[in-house]
Amino acid sequence: MNCAIKSPAQRRFVRASLISATLVVVLAVGAAVTFRLWHLKGLPAYPVAVLPALPILWVLFETGRFLAVEKDEFQRNLLVQCMLGGIGGTLATTTAWGYLEAFAHVPRLQAVWVYPIFWLFVVIAWPVVYRRYK
Amino acid sequence: MKNRLKVLRAERDWSQADLAERLEVSRQSVNAIETGKFDPSLPLAFKLARLFGMRIEEIFEDSESAS
């Protein structure tokens, strides 16, 4: 498997994804600490609560930019397939978990886990997709 | 889709990396096209045809018409 990042568009996308993932964690911890220390309620609580989700919008934007800017159609195709794997895995997992919650009374899955689950499946799909074209 | 890329490339003594550089794509892309695992878009197929000075159908074989 050749995972070398070659084009500037790929480098930019990977960098944005890594920074975004770090920001999500940092902002989530920051929001948790803020709520614990200042007990925010009402209107001020909303922006602080939403803050950890904002880097996700950035990654979506960078994904769109990558698909628009990357000249290598094969590389675009690989990313799309990996993301389809991520979407499919997330839909299947969260739907199955929803039924488990409804009928088997398993613990509730918080929606904040959907994004990490999506990337987990993208990472799982990556070697599978690459192997197809080896 | 079957193609003659490997032969055409060998005739010019080009490596996959050489061809990839000329096409402005990755070596992986050339390999995937060459092995028939990935069909290039029409613009990329035209680019290949221009590069080899041939028509698209001289490089790529229409599997339906061949069968």
Taking a virtual spin label 7 Å from the Cα of A:Trp58 along the C-beta vector, which residues in segment A:104-134 bring their backbone nitrogen under 20 Å of it? A:112-120
Write out the trypsin sites (Lys or Arg not before Pro) in chain B meeting two conditions: DSSP loop, and at most 14 other Cβ atoms within 10 Å of their Cβ. B:Lys2, B:Arg12, B:Lys37, B:Arg55
Give the shape of segment B:5-54 as rounded, prolate or oblate, defined through the alpha-carbon gyration tensor: a ≥ b ≥ c are the square roots of its eigenvalues, a/c under 1.5 means rounded, and otherwise the shape is prolate if a/b is larger than b/c and oblate if not. rounded
Cα centroid separation - segment A:69-134 against segment B:27-67, whole Å: 31 Å
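What ranking of B:Ser29, A:Ser7, A:Ser20 emerges when the number of other C-beta atoms within 10 Å of each C-beta is taken as an exposure proxy, fewest first? List each step's numbers first, then the result.
Working: B:Ser29 24, A:Ser7 17, A:Ser20 21.
Sorted ascending by nearby Cβ count, the order is A:Ser7, A:Ser20, B:Ser29.
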Which number comes out as Rg/Rh for segment A:72-134 once both Rg and the Kirkwood Rh are worked out on C-alpha atoms? 1.13
Lysine pair count for the protein assembly as shown [Cα-Cα under 29 Å; pairs on different chains or 8 or more apart]: 20
Using Cα-Cα distances under 8 Å and only pairs 6 or more residues apart, what relative contact order does segment B:5-54 have, in percent? 26 percent
Mean separation of Cα contacts under 8 Å (6+ apart) over length of chain A, as relative contact order %: 28 percent
Compute the projected area of the convex hull of the Cα atoms of segment A:1-71, averaged over all viewing directions, and report it in nm² to one decimal place. 6.0 nm²
Let me make sure I get this right: for chain A, a, b and c are the square roots of the gyration tensor eigenvalues over alpha carbons, sorted descending. Under 1.5 in a/c it's rounded, otherwise prolate if a/b > b/c, else oblate. Which is it? oblate
Which of the GluC sites (Glu not before Pro) found in chain B are loop residues per DSSP with 13 or fewer other Cβ atoms within 10 Å of their Cβ? B:Glu24
Quick one: which residues, 5 or more positions from B:Asn3 or on another chain, have an amide H under 5 Å from its amide H? H modelled 1.01 Å from N in the peptide plane, none for Pro or chain starts. B:Glu61
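A short reminder: the numbers here are calculations on the coordinates, not readings from a lab. Quick caveat: nothing in here was measured; it's all calculated off a predicted structure. Neighbour counts are summed over all protein chains in view; Cβ atoms, including those assigned to glycine, are modelled from backbone coordinates with ideal geometry.
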